[in-house]
Amino acid sequence: MEALRYLPYLSKEGWIVSNTAPFKNIPNYPELDSIKKEIKNIENNIALDADKIAQEIGSKRSMNIVILGAASKFLGLEYKKLEEAIQAIFGRKGDDVVNANLKALQAGKEFADKNMN
């Protein structure tokens, strides 16, 4: 729903990168199928179940990093800079946390590379 809310700000060359598992924070959240249909109508979109991907790689809490990986191609940053940022941000939490987030970043990137419309 948030992706559609900000659609007027998306340039013609822009991309929507969205999780298909929404965070439903209102009681009258729109029908998920209608939201997905609207997003699929946008030529440049990557819709992924980041929650499922994060769970599959063994790090359920890293779904936002999966989304970051999927969006990485469109951020105007070198991928290596994102990896370095993850190491800096999560480094104090230990190697396991850093590696889980790097794995999530890579999983999102790989999904986007395989599924770009």
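The values are calculated or read from the model by the stated rules, or taken from the named source; none is laboratory data. The shown structure was predicted, so the numbers you read here are calculated from the model rather than taken from an experiment. FYI the Cβ positions are ideal-geometry reconstructions off the backbone, even for glycines, and counts take in every protein chain you see.
Worth a mention:
- Looking only at region 11-33, and only at residues there that are touching a strand residue (DSSP E or B) at 6+ places or on another chain (Cβ under 7 Å) and part of a loop (DSSP other than H, G, I, E, B), the one that is farthest from residue 104 (Cα to Cα): 15
- Entry remark, region 71-84: residues being hydroxyl-bearing (Ser, Thr, Tyr), in contact with a Phe, Trp or Tyr (Cβ under 9 Å, 6 or more places away or on another chain) and surrounded by fewer than 19 Cβ atoms within 10 Å (Cβ to Cβ) number 0 in total.
- Of all residues in region 5-20, those being aromatic (Phe, Trp, Tyr) and either at pLDDT 90 or above or touching an Asp or Glu at 6+ places or on another chain (Cβ under 9 Å) (or both) number 2.
Let's see how each residue does on (1) farther than 23 Å from residue 116 by Cβ; (2) among the basic types (Lys, Arg); (3) surrounded by fewer than 11 Cβ atoms within 10 Å (Cβ to Cβ):
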{"site": "43", "(1), (2), (3)": "no, no, yes"}
{"site": "56", "(1), (2), (3)": "no, no, no"}
{"site": "61", "(1), (2), (3)": "yes, yes, no"}
{"site": "69", "(1), (2), (3)": "no, no, no"}
{"site": "86", "(1), (2), (3)": "no, no, no"}
{"site": "98", "(1), (2), (3)": "yes, no, no"}
{"site": "103", "(1), (2), (3)": "no, yes, no"}
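- Screening region 7-33 for residues that are under 15 Å from the mean Cα position of the chain (by Cα) and among the aromatic types (Phe, Trp, Tyr) and picking the one that is surrounded by the most Cβ atoms within 10 Å (Cβ to Cβ) gives 15.
- From the options 56, 38, 78, residue that is within 19 Å of residue 18 (Cα to Cα), of a type in the set (Asp, Glu) and at pLDDT 95 or above: 56
- Residue among 36, 52 that is assigned to a helix (DSSP H, G or I), surrounded by fewer than 18 Cβ atoms within 10 Å (Cβ to Cβ) and under 14 Å from the mean Cα position of the chain (by Cα): 52
- Options 101, 115; residue that is of a type outside the set (Phe, Trp, Tyr) and either touching a strand residue (DSSP E or B) at 6+ places or on another chain (Cβ under 8 Å) or under 16 Å from residue 1 (Cα atoms) (or both): 115
- Where residue 43 falls short, out of the listed (1) more than 10 Å from the chain's Cα centre (by Cα); (2) in a helix (DSSP H, G or I); (3) under 25 Å from residue 13 (Cβ atoms); (4) of a type in the set (D, E, K, R): (2)
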